[in-house]
Amino acid sequence: MKLDKVLNNINLALNYPSLTYADISLYFDMAIAELNTTLHTSIPTVSDMIDAFEQKLSKEKESRVRIYPSPEDVDYIIQSYSSTQEAELHTSTASPKIPYYFNWETRKFYVMNSLNNTYTERNTLEGVYIKNVSEFTFYDAVVMGDEVFWAHTSEDPILECDFAEYLPDEWVLLWLIPYVCFKYTVRDGGTAATFAEELTQGFQQLQETYSVPSTVLLATYADKEAYKDLVIENLPNLNKWVPTKAIFQNMKHSRISNAIYSNMYDRGGFND
């Protein structure tokens, strides 16, 4: 379950107070901390999950650049050139180097690589304006008519962070969401008895359904995102036990039926 859906469910349960992740991020981390304390696990906090997701995203999306100053303060227009020859002429003489531009002849974006001072070709371009450590604005480069410009997008990439890498949907629905709702309701001065009951019952159900070990064999979960850093750290020897960093469906224990006892009239009497 992705972060945007989790936030939608929380707002639905709280009768739509329009909460963002920043408003309740503390309660997300507290929920995981309490889970780790009870289960003796080492599941990353939601903040750490998001940090890992952003690092992965930055590697997968090489077309993302940092914008400064904000397009809203200056001009939304992105520098463009009609031909490769014109682009090479202007970019070779420009000082400092233009960080990115659009080539109408190739219909590609070109992003400056500061390490080797050359331009890398990109099919798309995304921009991020960082106002401060907790406030980001995202833009998409749009080609329309004879102009190329930045268009503001309200989509925050962290909302795509998937909890499935660390927690099954049951744990999100029966533990994480009720926990956050409970903490927020208490802070807001409301009656949190309903969420407290859901929280308690949900956790009991999860404990009856899952058998979560405090350690796992790294080789068994080497392909999982949650163990990526441990795999890199312990290569090539993955045959070692490490703290549990995620809960998976295979940790569910099979449903055990109650014992059936014979009576004195059955064949064999009370032997069973």
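The values are calculated or read from the model by the stated rules, or taken from the named source; none is laboratory data. Note that the coordinates shown come from a computational prediction; the quantities given were computed from them, not determined experimentally. For neighbour counting, all protein chains shown are included, and Cβ atoms are generated from backbone atoms with ideal geometry for every residue, glycine included.
In the stretch 29-42, is there at least one residue being within 22 Å of the chain's Cα centre (by Cα) and either among the aromatic types (Phe, Trp, Tyr) or in the same structural domain as residue 145 (by TED's automatic domain parsing) (or both)?
Within the stretch 29-42, none of the residues are within 22 Å of the chain's Cα centre (by Cα) and either among the aromatic types (Phe, Trp, Tyr) or in the same structural domain as residue 145 (by TED's automatic domain parsing) (or both).
From the list 42, 114, 80, 95, pick out the single residue that is in contact (Cβ under 8 Å) with a residue 60 or more places away in the chain, farther than 30 Å from residue 184 by Cα and either in contact with a Cys (Cβ under 6 Å, 6 or more places away or on another chain) or not acidic (Asp, Glu) (or both).
Testing whether each residue is in contact (Cβ under 8 Å) with a residue 60 or more places away in the chain, farther than 30 Å from residue 184 by Cα and either in contact with a Cys (Cβ under 6 Å, 6 or more places away or on another chain) or not acidic (Asp, Glu) (or both) leaves just 80.
Please go through the stretch 220-238 and pick out each residue that is surrounded by 15 or more Cβ atoms within 10 Å (Cβ to Cβ) and of a type in the set (Gly, Ala, Ser).
226
Return the residue satisfying two criteria in turn: it lies in the stretch 17-44 and is under 10 Å from residue 180 (Cβ atoms) and of a type in the set (Gly, Ala, Ser), and of such residues it is surrounded by the fewest Cβ atoms within 10 Å (Cβ to Cβ).
25
Scanning the stretch 82-120 for residues that are of a type outside the set (Ser, Thr, Tyr), more than 17 Å from residue 67 (Cα to Cα) and modelled with pLDDT under 85, which turns out surrounded by the most Cβ atoms within 10 Å (Cβ to Cβ)?
My answer is 94.
Quick one: in the stretch 154-177, which of the residues that are free of Cβ contacts under 8 Å to residues at least 60 places away in the same chain and either touching a helix residue (DSSP H, G or I) at 6+ places or on another chain (Cβ under 7 Å) or in a helix (DSSP H, G or I) (or both) is surrounded by the fewest Cβ atoms within 10 Å (Cβ to Cβ)?
170
Starting from residues that are of a type in the set (Val, Ile, Thr) and at pLDDT 95 or above, keep the ones in the stretch 232-266 and report whichever is farthest from residue 37 (Cα to Cα).
242
If I filter the stretch 17-69 down to residues being out of contact with any Gly (no Cβ under 6 Å at 6 or more places or on another chain), of a type in the set (A, V, I, L, M, F, W, C) and not in a helix (DSSP H, G or I), which single residue comes out as nearest to residue 224 (Cα to Cα)?
For the stretch 17-69, the residue satisfying everything is 43.
Could you check how many residues of the stretch 130-149 are part of a strand (DSSP E or B) and at pLDDT 85 or above? First the steps, then the outcome.
Start the filter on the stretch 130-149 by keeping residues that are part of a strand (DSSP E or B), which leaves 130-132, 135-144, 147-149.
Among the residues that remain, those that are also at pLDDT 85 or above are: 139-144, 147-149.
Going through the stretch 130-149 one residue at a time, the tally reaches 9.
For the condition touching a residue at least 40 places away in the same chain (Cβ under 8 Å), within 28 Å of the chain's Cα centre (by Cα) and surrounded by fewer than 12 Cβ atoms within 10 Å (Cβ to Cβ), what is the one hit in 123, 132?
123
Only one of (1) loosely packed, with under 15 Cβ neighbours inside 10 Å; (2) in a strand (DSSP E or B) fails for residue 216. Which number is that?
(1)
Which pairs turn up if I take residues in the stretch 5-16 that are in contact (Cβ under 8 Å) with a residue 40 or more places away in the chain and look for partners that are surrounded by 14 or more Cβ atoms within 10 Å (Cβ to Cβ) and among the polar types (S, T, N, Q) with beta carbon separation below 9 Å, at least 6 apart in sequence or on another chain?
Once the first residue is in contact (Cβ under 8 Å) with a residue 40 or more places away in the chain and sits in the stretch 5-16, its partners that are surrounded by 14 or more Cβ atoms within 10 Å (Cβ to Cβ) and among the polar types (S, T, N, Q) give 14/185.
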